[in-house]
Structure formats: structure tokens, C-alpha cells
Protein chains: 2
Amino acid sequence: MKPALAKGTRDFLPLQAKKRKYIFELIEKVFLTYGYQPLETPAMENLSTLTGKYGEEGDKLLFKILNSGDYLKDTTDEVLQEKDSAKLIPQIAEKGLRYDLTVPFARVVAMNQHLIHFPFKRYQIQNVWRADKPQRGRYREFYQCDADVVGSTSLMYEAELMQIYDQVFSQLGIAVEIQINHRALLEGLAVEAGCGEQFTAMTIALDKLDKIGDEGVKQELLKTGMQEEQATWILQKIKDKRLHEFQFNEKSLLGYTAIQKVMQFNKNYGFQNPLKFEPCLARGLSYYTGCIFEVVPTAIQMGSLGGGGRYDNLTGVFGLKNISGVGISFGADRIYDVMEEENLFPDSLSEPVKGLFMALDEESLFYCFDTAHFVRNAGIPVDVYPEVAKLQKQFGYAEKMKIPYAIIVGDEERKSQSYNLKELSTGEQTKINKTQLLDLLR
Amino acid sequence: MKPALAKGTRDFLPLQAKKRKYIFELIEKVFLTYGYQPLETPAMENLSTLTGKYGEEGDKLLFKILNSGDYLKDTTDEVLQEKDSAKLIPQIAEKGLRYDLTVPFARVVAMNQHLIHFPFKRYQIQNVWRADKPQRGRYREFYQCDADVVGSTSLMYEAELMQIYDQVFSQLGIAVEIQINHRALLEGLAVEAGCGEQFTAMTIALDKLDKIGDEGVKQELLKTGMQEEQATWILQKIKDKRLHEFQFNEKSLLGYTAIQKVMQFNKNYGFQNPLKFEPCLARGLSYYTGCIFEVVPTAIQMGSLGGGGRYDNLTGVFGLKNISGVGISFGADRIYDVMEEENLFPDSLSEPVKGLFMALDEESLFYCFDTAHFVRNAGIPVDVYPEVAKLQKQFGYAEKMKIPYAIIVGDEERKSQSYNLKELSTGEQTKINKTQLLDLLR
């Protein structure tokens, strides 16, 4: 049989896997210094946990897992005869694959509310699955990378999450702008313009400013039923981008004050990537109720690399009311693409090991293997070509594997307890002893 | 709704997740120093890749994923009317969840044979899913942790994998015995006793020696149709455990020579956990064809913590013939249980952060937040209680979270640029400056 990947899924071969790990481990380290703790939830959730949380469209995109055993046993003849796929699902599938990390997180908090101490800070870096039509850059299985804190309304957390964004992206070497806005500020804007009812439609239109420009947004706003002057006023306010201009009513003042406070917390922090008030930012039709964030790369044309915000009722659906939370997420696949395009991954990632031992005879192979252990014991990754083969073959392997040093051992080296070290990029060769070898590879 | 986990699955709350990460990261580090590179494959595989690889029983234990959309559209009325669950599967499900890491690995090697340079060393630490009946210690979703090298028959790899076992278990602090045997040696034993045909039945019986004892195994051997004296001879040889006693025929000599060579490679290594020839070791009905290994804890009564061996035709089913490989795996769940029972996890894992800043007034909260960034910037995890609350409440949180130090800041400390540090375990309090704080938390 000719093997193939399931549609919309990917293998990560070593180099790719290492680059991805580099990103995740860097993010993870920052999360940990800010006190966020790891959480892992199962890939499979009961469909009752998942269904109805992502809208009608989301329900369709859930991967359902067929019940095991004789799953048709308790199905009704009627539904089978009708061939009604949707109706049959509850009879043959009770589990589905995780669609995001937010709903499982909410489930965990609700289920463990008496074990958890609030504020509860967690991060989660796991796969999610969506039965989307696969296309360039869109996969059916992909990682999400979230940090959230629940159980406190303190705006200190908004401030600290902005620091996390700044830390991560400056450590990765990606220049970004961190944008902040507040849902109440947007609502206040709509109300002030006299179009409170068009609030949602307005946010959807504003979100497109980047893509369709001023005139495009204006047309969209007019389509929602707004008057010309209302649309013009909104657009002018939005484009102005001065936070103090948004103190015109109670709603907008709420947003203004919150953003001000976040800025105040970060007054002495010193962002390497600017934190900017961005009144266009709307984060679509999400469940956010307070501050909202987005991270946009500035040196490269690409969509957002992360986003988040505050929500008020995440766990309500699981019976735990009045838990406010705020969180951010990182778009790992896009970050990977930027890093690749900008050549930001450290070169060392492409070296599987620092050096390859090459033996010229059987006895030397044992000698190489012993020295390899000595070097490995110091935490330095090295390898040994596993047999006595022609040097050309051994060098060929080292080159293809991008191993920087060859350590050649024959009768002579073995007897003098030395090593013939060759740097593959320059061809330079030196005879060294064991201690020198360790120092050099380190 | 009352949320629940899907049957046989687990959440890993922070402390548990950190302990698991501790195990995986330690193993991973050892893999990397030995030149093993990470590989990741998708959770979903085509059922055509998975089916038929794990026996009839295994096929039943595969989790199948319902096709998305109108999955009943192309089903045949006949099969639906019959309610034949097994027959319907190919019509409504084309994907399944990964059952182990070996088959996906073989698929990757076969699919990427022209990109991969042999010997190819990879490790893989990922979840697998099995529709087993859940019971104590048996889950439907669990991690496997494998390292394999394919494309070389060199016994150096067997030797190096034994070192990896030794390194990992001594670093984890678990005392183990590493057992080695060879399939050919077992086959030679059966042949020599004149029961070559009962080879498989013999290995199954021998595998039970631990559980059912000499007499039990003897009875099992007799049941396979052996003569009394054949069974006695086999049992005596097995119990003797002297490797040089297994040179009686060509088959056994093959096994003897291989094990000898592995020992020779490791002559100067210095095992902290003994590597022992164990002729009873059979590794069930597995696909192994050469050396086989198992790791058994010695200080605690528990099954094996890992196992592996050499196989000759892993990728054959995917069209790539004659690729020999050897691999080991770690039983992460059992290792976790041993570590927990023997109290081997570092205490520091239960501290989410080193210190918690507590502010006595609003102005001090900003001051705390600034200092927290200073400390975090040095890589030390700390946290700030997010609001000005009663000290009792703040201390309560620090205690419940098992945070070792409280850093209290009020008007006085702020004005003198100092911190009131309290060690929670002793109650000891000291007034220190910023530099001292950093040193102390480090």
C-alpha cells in the first residue's frame, strides 16, 4: 500500500519539529516566569461539552468519534432509513475532538472549582481539530497556545499579558505592534453616534479597515442603516486614535479608564514592541466583554500573530457563574512562518549533533563509542557512525545531516589517545586530546 | 449542564502536568544528547494506515472518526438495514486516532525515504488512543515515549539504547534492572529441546515466570505438548541465566553473539543500573526479531517501566523493504506512579512561583508590579497579588498555592525602596533591598 497523510494533517520532520519546539519552549518559559501553570486536557471530550459552544457552523466542524463496539445497536430504524446524518450523530457518537482550548479550560475550572485557588493562572499548548476544508495555511489539526487567568477582575493581568506578548516577540526577534482596545469603548462609540443597535455590525465593519480602507468601511457602515454623518463621525473618531478623545459617555469612559489603567501599570515597563491603543480593533463576534488585544507584525505583511481579551462568563455554561477572566493566545503556525521567512531561527537548530565520530577500524569504533559517552555525559550531543565504513561514506552522512564536526579515529589516534578533528565547513583539521575535544565541542 | 470527562480520559492539573513535564523533558534531554531527533505525526491517520497492523483485537480498539458533512450519503441501504456496525465503518469513517507511535513512524519513513538519511534516529513523545475498557491504571488516551533508529543493523545502537535507559532512570532516581535477551536465543532453545514448533507458545509461558513460578511455567509448557524432560531442560537453562551456556546451536549462537557484542560496546560504560541477560524475557507476540529489552524497577513491586527491541521489517507493509531498526519505549504513566510513590519528584515542582508580592495600598501595587518585572526578567518566576486586599487574604492565597516567600510592600517600604520579605515556612521576616531580593529568590 502507498501510505498517505489524512487530509489537512501534517508530519513534522525533525528540523521542523525542533523549530516548533523552539517557539513553544520560549513561550512556555515566559509564561512560567509570570506564574502561569501548565494544564493539559484530553483530546477527546464528550460531545455534550463541545456542542453549542462554537455556533452552528462550529458544531459542523467538530470531529465526532464513532462509539466503539456495536455502535448501531441502539439506533432507531427511522433515522437510519431517512439517512439523516445530523440526526444520527447523537445515536452513534458521544465524543468529539477538542475544537479549541477555551471550552475545555472552562470545563476544568467548573469541575475543579473547589480544588482550584483563584486567581487561577494557566497556560495550555495543545492540538485542536477542526473539520474545515483544508487549504494553504489552514489545517485540520493545529496547535493552540493560550494563557489565561480567571477569578479576578484586576487590570494588572491585562498589563502583565501585554508584557508577555512583548517578551515573547522580542525574544523571538519578531517586530510587532501590540494593539489594545475595549469592547465598552466601541459600544460607547456606537451609542454616542446614535447607532447602539448597529453595534455588532459596526464592529464587523471596523475590523475590515485594514483590508477595505476608509471608503470601504464607510459603505459597510451605511449598509447597516447608519446615516452618512454617523458613519463619518465614527470613522473620524476611529482614525484619530487618541485615547483621551473617547471619554464622551459612560460606556466609552469605562473602556477609556480600563485602558488608561493598563497603561499606568506598564508605565515603567519599557516595551520593546509598542503597545498602542487601536480603536478599530474589534476581535470579531467573540465572547470578549472588556479589553481586547491583537498582535500584528510590523516588518512583514501578515495577519495577526496573537490575540485575546477579557471575558465575563466563560464558565457560566458549566454552572459556575461570575468568573471573570482574561487571556491571550499565540498563533503558532503564523509565528513559525514569519520566523522562517525572516530567517530568525538559530542556526544551531539544524545541527542534530555537534560532532560525528568516525572509526577507521573495529577497535576504534569501541574507542569512539566510549568517548562519545564521555562527551554526552557533559550534555553535548554527539553521534558515532555505527560501523567501520569508507571515510567518504561517513563524511557523506555527516554532510547530509549538517553535523559541523567530524572526529576521526584510527589506529594512530587510538594509540596516542587522541582525535583527529575536522571542521566540515572549512576542511580544517587538528589533532587534539579528550579534554580539548570536550572544550571545543562545548 | 454538569460537565464531565469522556470515559477513560484525564485532565492534568498544574502540579500533575508539571511532574509529567519533568519526566518527559528529562527523557527528551537524554534522547537529544544521543542524537535522537524529534518527530511529530498527526493524531488522525487514515484508517487504511492503521487497520490490520495491530491484529483483529487491535482493529476493534481503534477509535474511528466519523466523516464530516453528510456522511450517510453514500452508504448502502443493505448495510444500514442489517445494522452491521463493522461493515458500515468503511462507508462512514475514513480516519482513526493513532494507536501507537510505531506505525505512524513506519509510515513517515516510507513516505519520506528520499528525504531521510539513514541511520535515522528519532524520538517521539505523543498521545495514543485505544478504545479499551477503562480501568484502574488503564486509560483510553495516554502518552507513549519512543526512541528508534532505523536503517542500520549495528549493535552499537542496542548498546546506546541501554545507556539511555540507564541515564534516564538514574537521573529520575528510580532503581531498575535493565534486562536483555534475543529472540534467536529463545528460538535456539526451543529447537535444541526439540520443540521448535512450540516456540511461540514457549515464549508466552516463559513470560509468566514471575507471576506463576517454576511449577506454573512447567505446567504451561507441558500443555503445549512438550515432554516432561523437554520442559525441565528448558526451565533449567532459563533459570541458570549464564549467557555462555547458550551456545548450543546456530540460532542460539546468533543471539549469544549479539548480546556479547552489546556487552562489549558497554564494557567501559559503568552502568548505575545493572544490565542483565534475562533468558525468560520474551516481549510477548511482538514484531521483534533480534535483541529484546525490558526495564524492571527493583525497589518497588511494579511491572516493567519500558521495553523494546530490534525489528526487521517495520516499513515493509508501506512498501519500503529491508529496513532494520531498533527502539525502546518508556512507560510514562508507570514511571509517574513510581516517582509519586517513592517521593522522587523535586519539591520545587509544587511551587508555582518563588515569591508573591503583596501590596498594602494602591500605589504599592504598581511598585510591586514593577519589581516583579525586574525579578521575572532575571528568569525567576514570581507573582503579584492582583489587588489591595487584607493581608490575611493574601497570605491565605500564598499558603494555598504553596508559594515559599511573601514580599510585602506598604507605604514605608515603598518610600525606603525596600521589601518586607517573609518566609512562609518559618515565619521569619527581613527587610531587604531590590538586589538582595533578587539574590534571595534566585
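The values are calculated or read from the model by the stated rules, or taken from the named source; none is laboratory data. Not measured: the values here are computed from a predicted model. Cβ coordinates were reconstructed from backbone atoms using ideal geometry, including for glycine residues, and neighbour counts include every protein chain displayed. With ligands, DNA and RNA removed, areas are computed over all heavy atoms of the protein, side chains included. Shrake-Rupley method; radii C 1.70, N 1.55, O 1.52, S 1.80 Å.
Placing unit charges on each Cβ (+1 for Lys and Arg, -1 for Asp and Glu) gives the range B:298-442 a dipole about its Cα centre, and among B:308, B:433, B:382 the Cα reaching farthest toward its positive end belongs to B:308. With R₀ fixed at 56 Å, the C-beta to C-beta distance from residue B:138 to residue A:222 puts the FRET efficiency at about 0.35. Residue by residue along B:296-306, Cβ atoms of other protein chains within 10 Å of the local Cβ number 0 on average. To the nearest 10, the accessible area of residue A:283 is 60 Å² with a 1.4 Å probe.
Pairs from the table (B:53/B:87; A:133/B:64; A:29/B:415; A:29/B:121) lying more than 22 angstrom apart at Cα are A:29/B:415; A:29/B:121.
In this label model, residue B:412 and residue A:56 are separated by 6.6 nm, measuring between points 7 Å along each Cα→Cβ vector.
Only aspartates and glutamates eight or more places from residue B:321 in sequence, or on another chain, were considered; those with a Cα closer than 19 Å are B:148, B:312.
Residues in the range B:347-442 average 47 Å² of solvent-accessible surface per residue, probe 1.4 Å, ligands and nucleic acids excluded.
Note on residue A:7: aspartates and glutamates with a C-alpha under 12 Å away, same-chain residues under 8 apart excluded, are A:132, A:141, B:45, B:94. For the range A:380-389, 3J(HN,Hα) computed residue by residue from phi via the Karplus equation (6.51, -1.76, 1.60; θ = phi - 60°) reads 9, x, 9, 9, 10, 5, x, 8, 7, 10 Hz, glycine and proline entered as x.
At 27 angstrom or more along the helix axis (alpha-carbon based) and mean Kyte-Doolittle of -0.5 or higher, what helices does chain A contain? Whole DSSP H runs only. Don't skip to the end; give the middle numbers.
Values: long enough: A:14-33 (28 Å, -0.11).
The qualifying helices are A:14-33.
Only helical runs count toward this figure. For chain B, summing -39,500 (n - 2.57) over DSSP H runs of n ≥ 4 and dividing by all residues gives -12500 deg cm²/dmol at 222 nm.
For a paramagnetic label modelled on residue A:342 (point 7 Å from Cα along Cα→Cβ), amide N atoms under 11 Å away belong, within the range A:245-278, to A:273.
Inter-chain Cβ neighbour count for A:13-19, averaged per residue, equals 5 (cutoff 10 Å, partner chain atoms only). In this structure the amide hydrogen of residue B:176, modeled in the peptide plane, comes within under 5 Å of the amide hydrogens of B:298, none closer than 5 places in sequence on its chain. Summing charges over neighbours of residue A:67, with a neighbour being any other residue whose Cβ is under 13 Å away from its Cβ, gives +4 when K and R count +1 and D and E count -1.
Leaving out ligands, DNA and RNA, calculate the buried accessible area for the pair B and A with a 1.4 Å probe, summed over both sides, in Å² to the nearest 100. Before the final figure, lay out the partial values.
Values: alone 23240 and 23240 Å², together 37080 Å².
The summed interface area works out to 9400 Å².
In what sequence, highest mean first, do B:311-321, A:361-371, B:141-151 appear when ranked by Cβ atoms within 10 angstrom? Numbers along the way, then the final one.
On the way: B:311-321: 17.4, A:361-371: 19.1, B:141-151: 22.1.
Going from most to least packed, we get B:141-151, A:361-371, B:311-321.
Within the straight-line cut-off of under 19 Å between alpha carbons, the aspartates and glutamates reachable from residue A:208 are A:177, A:187, A:220, A:228, A:240, A:278, A:294, sequence neighbours fewer than 8 places apart in one chain being disregarded. Among the residues of A:64-77, the average count of other protein chain beta-carbon atoms within 10 Å of the residue beta-carbon is 6. For the range A:170-226, a crude dipole built from +1 on the beta carbon of Lys and Arg and -1 on the beta carbon of Asp and Glu, taken about the Cα centre, is about 100 debye to the nearest 20.
Dipole size of the range A:203-273 about its Cα centre, with +1 on Lys/Arg Cβ and -1 on Asp/Glu Cβ: approximately 320 debye, rounded to the nearest 20.
Close amide H pairs (under 5 Å, H built 1.01 Å from N) link residue B:281 with no residue at least 5 positions away or on another chain.
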